[in-house]
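Trainee: I'd like to ask some things about the structure below.
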Amino acid sequence: QTQNDYIREWLPQKEDFLHILLELEAPPVPRICKICQKDGVYRCPDCMHQPLLCTNCCRTMHEAHPFHRIQQWTGDFFEDSALHMTGLQVHLGHGGAPCPSASANEPAQDPSDVDDGEWEDVDNIPLHLRPPVGSKYLTIVDVTGVHFVLVGACQCPNADSFHMQLFQAKLCPSTFEKPSTAFTFSVLDDFLRDNVECGTSGMNYYSKLHRVTSNVFPHLVVDRYRELLRVAWQWRLLKLLKWSGYQDNKNHSKKGDLAIFCAACPQPGINVSTTSNLDHWTYTRTVVMDGNFKAEHMHERWPEDQVWLMDGCGFMVTNPPYQAYLKATPQIAEKSACNNHKAISQASASRGKLNSTGVGATACTRWKYHSLQRHGCFYPHSVVDFQKGERQLNMDYSLAHALSYNMTGINNVLCFYDINCAYMKNLRRRVDSSDVLQIPPSMKITAGIGMWHVHGHKKECYTRYLPLFIKGSGWVDGEIIETLWSTLNIVSASTRGMTSPHRQELLDFQMNDSNFMKMIRMG
């Protein structure tokens, strides 16, 4: 059946569906608590069958679900309410049970812990959007919105600090000294997933949480946008460390340590025996290079005030050595004997308002003929920033680092680049004259040009660089990196005004996710 067929089947029943929606707005008859049969006051739309409950049963039932959004019966309709209005309290430590060392009457929160400026006109704010008065509460952000939650900390003599107790309860605090805001692990995972899949920016995501909290009064919901950006930044690093099997942040000293690479590319000691004949054509590394001018970066306001969390541990190259290489390496303007390609003619084009005009990268590429499954993974620690156009010195740095990644013993490389007729001409001379770049003299690099671009070259380039004429190349997609740019560009626009560390880590995370999705679909 087509989509239209299903819609036609639905049309005669639309009134029945509408009647059910309207009936769900009314309380059940009789209006009694589902558990104790007393007067039902609250209902929870987040619970299955949205049960009607009394105050005590609602509080007890939601001890394990403190971030559900409830509604209260007014006599005429159900209006939005909040679980803190039922007296619900979250206990840290002891499996969620109250701490036996805690006083029965805990003192009210120190007024200095509360930002009174946020609640100047509290009388005009709906009750469920107000914090509990005179109590220890946290502002907790979840996928179900922003909540004010009464929190009881463990007060045992050997108890951890408050912010660590929060983290053990899967609540990530925004600060460490008297934290007043925390984010659930669920909302942080959801934000990262929305970011890599949909390109949702932090501002748009928090705007959505405003409306999830109150669709009628989103402007009255407390603003924790800046806290979300900061905590999500930390969360990305923690997730990468966990996925890479690190227990701490000290031991990943190797470049690209926190990046996922292609599981199918030959890597001696990992998926290929070091005793194999690595000179055989089946162990040839096939790579493709290209530039992306949509991943721009603006000049920063305070470039001297930067905090790098994982510089060089992902796909972007380590910044200080790269900047030193750029200063020490002269750019040699080379003319192409072939057509006037933009990557050559605009290599020295400068754009004053930009700190980076784009990025260049190296990726793996192969094409399994029978299953049509392509590799197409970014190489760790090989993505570079452009300062002007797509200069050779930038791409040399990318290629040299890509060819040093898990390639001990592999000497055959097939490299695709849309301007290889000019780029490969003096590659060895440029590498040999550099104190930074290293490509083993024994490594044989065969140049190719992808089929999309080779038709823009002269006839002699067509016969020399077309993969169909290169012995041992097989069926190969020499333009697969173009598909990777479309994935990266989901977030590249939102990184334009970020600080350099934040931008690097966000692009690293997006490229890591791209490689992960390639890996799980390889079959």
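Trainee: Taking the highest mean first, how do the peptides 316-325, 356-365 order by number of other beta carbon atoms within 10 angstrom per residue?
Mentor: Top of the packing list down: 356-365, 316-325.
Trainee: Can you give the FRET efficiency for LYS34 and ASN215, using 1/(1 + (r/R0)^6), R0 = 25 Å, r = Cβ-Cβ distance, to the nearest 0.05?
Mentor: The calculated FRET efficiency here is 0.40.
Trainee: What is the spin-label model distance, in nm, from GLU23 to VAL307 if the labels are put 7 Å beyond Cα along the C-beta direction?
Mentor: Between GLU23 and VAL307, the simple spin-label model gives 5.5 nm.
Trainee: Can you list the residues, at least 5 places off or on another chain, whose amide H is less than 5 Å from the amide H of THR200, using H built in the peptide plane?
Mentor: ASN195
Trainee: Just to be sure I understand: of the beta bridges DSSP finds with both ends in region 253-521, what percent are antiparallel, rounded to 5?
Mentor: Around 55 percent antiparallel, to the nearest 5.
Trainee: Quick check: residue separation of ASP5 and GLU79 times 0.36 nm, minus the Cα distance between them. What number comes out in nm?
Mentor: 22.8 nm
Trainee: Here is a further query. Along the Cα→Cβ direction, 7 angstrom out, place labels at GLU460 and ASP123. What is the inter-label distance in nm?
Mentor: 8.8 nm
Trainee: Which ³J(HN,Hα) values, rounded to whole Hz and listed in residue order, are derived for region 5-17 from phi using the Karplus coefficients 6.51, -1.76 and 1.60 in 6.51 cos²θ - 1.76 cosθ + 1.60 with θ = phi - 60°, glycine and proline given as x?
Mentor: Running phi through 6.51 cos²θ - 1.76 cosθ + 1.60 with θ = phi - 60° gives 5, 5, 5, 5, 5, 7, 3, x, 9, 4, 5, 5, 4 Hz.
Trainee: I've got another one for you. In square angstrom, rounded to the nearest 10, how much accessible surface does LYS170 have for a 1.4 Å probe?
Mentor: 120 Å²
Trainee: Helix 481-492 versus the longest principal axis of the chain: what angle, 0 to 90°, nearest 10, using Cα atoms?
Mentor: Helix 481-492 sits roughly 40 degrees off the main axis of the chain.
Trainee: If I take all pairs of Cα atoms in region 23-87, what percentage of them are more than 18 Å from each other?
Mentor: 23 percent
Trainee: Scan around VAL287 for amide H atoms under 5 Å from its own, H built in the peptide plane at 1.01 Å from N, and keep only partners 5 or more places away or cross-chain.
Mentor: So VAL287 has HN proximity to THR365, LEU414, CYS415, PHE416.
Trainee: Also, I was wondering about something else. On a 1.4 Å probe surface of the protein chains, which of LEU22, LEU229, LEU83 comes out largest in accessible area, and what is the full order?
Mentor: Greatest to least solvent exposure: LEU22, LEU229, LEU83.
Trainee: Just the accessible area per residue of the chain, please: how many Å² with a 1.4 Å probe?
Mentor: Accessible area per residue, the chain: 53 Å².
Trainee: Can I ask one more? Got a number for carbon plus sulfur as a percent of region 23-87's accessible area, 1.4 Å probe?
Mentor: Reported share for carbon and sulfur atoms: 53 percent.
Trainee: Right, here's the next one. Please report Rg over Rh for the chain, where both radii come from the alpha carbon positions and Rh follows the Kirkwood definition.
Mentor: With Rg and the Kirkwood Rh in hand, the quotient comes to 1.08.
Trainee: Once you place label points 7 Å from the Cα toward the Cβ at ASP223 and HIS299, how far apart are they in nm?
Mentor: 2.8 nm
Trainee: Using modelled backbone amide H atoms (1.01 Å from N, in-plane), which distant-in-sequence or interchain residues come within less than 5 Å of SER81's amide H?
Mentor: ILE70, GLN71, GLN72
Trainee: Helix 319-328 versus the longest principal axis of the chain: what is the Cα-based angle in degrees, 0 to 90, to the nearest 10?
Mentor: Result, in degrees: 30.
Trainee: Once every DSSP H run of n ≥ 4 in the chain is given -39500 (n - 2.57) and the sum is divided by its residues, what mean residue ellipticity at 222 nm do you get, rounded to the nearest 500 deg cm²/dmol?
Mentor: Computed mean residue ellipticity for the chain: -8500 deg cm²/dmol.
Trainee: In whole Hz and in residue order, list the ³J(HN,Hα) couplings for region 26-39 that follow from phi through the Karplus curve 6.51 cos²θ - 1.76 cosθ + 1.60, θ = phi - 60°; x for Gly and Pro.
Mentor: 8, x, x, 10, x, 8, 10, 5, 5, 9, 9, 6, 7, 4
Trainee: Taking 0.36 nm per residue of separation and subtracting the Cα-Cα distance, what length does fully extending ASN411 through ASP279 add?
Mentor: So the extension gain works out to 46.9 nm.
Trainee: Apply the Karplus curve 6.51 cos²θ - 1.76 cosθ + 1.60, θ = phi - 60°, to the phi angles in region 303-313 and return the couplings in whole Hz, x for Gly and Pro.
Mentor: With the stated coefficients, region 303-313 comes to x, 7, 9, 10, 10, 9, 8, 8, 4, x, 8 Hz.
Trainee: Express in nm, to one decimal, how much length is gained between SER103 and GLU197 on full extension, taking 0.36 nm for each residue of separation and deducting their alpha carbon distance.
Mentor: Extending this stretch completely gives an extra 29.1 nm.
Trainee: Could the peptides 233-239, 34-40, 6-12 be put in order, highest first, of the mean number of other beta-carbon atoms found within 10 Å of their residues?
Mentor: Highest mean packing first, the order is 233-239, 34-40, 6-12.
Trainee: If we sort 61-67, 276-282, 302-308 on the protection proxy, mean other Cβ atoms within 10 Å, highest first, what's the order?
Mentor: The most tightly packed comes first, giving 61-67, 276-282, 302-308.
Trainee: Rolling a 1.4 angstrom probe over the protein chains, ignoring ligands and nucleic acids, what is the accessible area of ASP223 in square angstrom, nearest 10?
Mentor: My reading of the accessible area for ASP223 is about 90 Å².
Trainee: While we're looking at this one, here's another question. Work out the FRET efficiency for ARG496 and MET443 from their Cβ-Cβ distance, taking R0 = 35 Å, and round it to the nearest 0.05.
Mentor: Calculated value: 0.40.
Trainee: For region 129-219, what proportion of DSSP beta bridges, expressed in % and rounded to the nearest 5, is antiparallel?
Mentor: Of those bridges, close to 75 percent are antiparallel.
Trainee: Given a 1.4 angstrom probe, I'd like the percentage of the accessible area of region 253-521 that is carbon and sulfur, rounded to a whole number.
Mentor: Of all accessible area on region 253-521, carbon and sulfur atoms account for 53 percent.
The values are calculated or read from the model by the stated rules, or taken from the named source; none is laboratory data. Note that the coordinates shown come from a computational prediction; the quantities given were computed from them, not determined experimentally. Cβ: placed from backbone, ideal geometry, glycine included. Neighbour counts: every protein chain shown. Accessible surface is based on the protein model in full, side chains and every heavy atom, while ligands, DNA and RNA are left aside. Shrake-Rupley method; radii C 1.70, N 1.55, O 1.52, S 1.80 Å.
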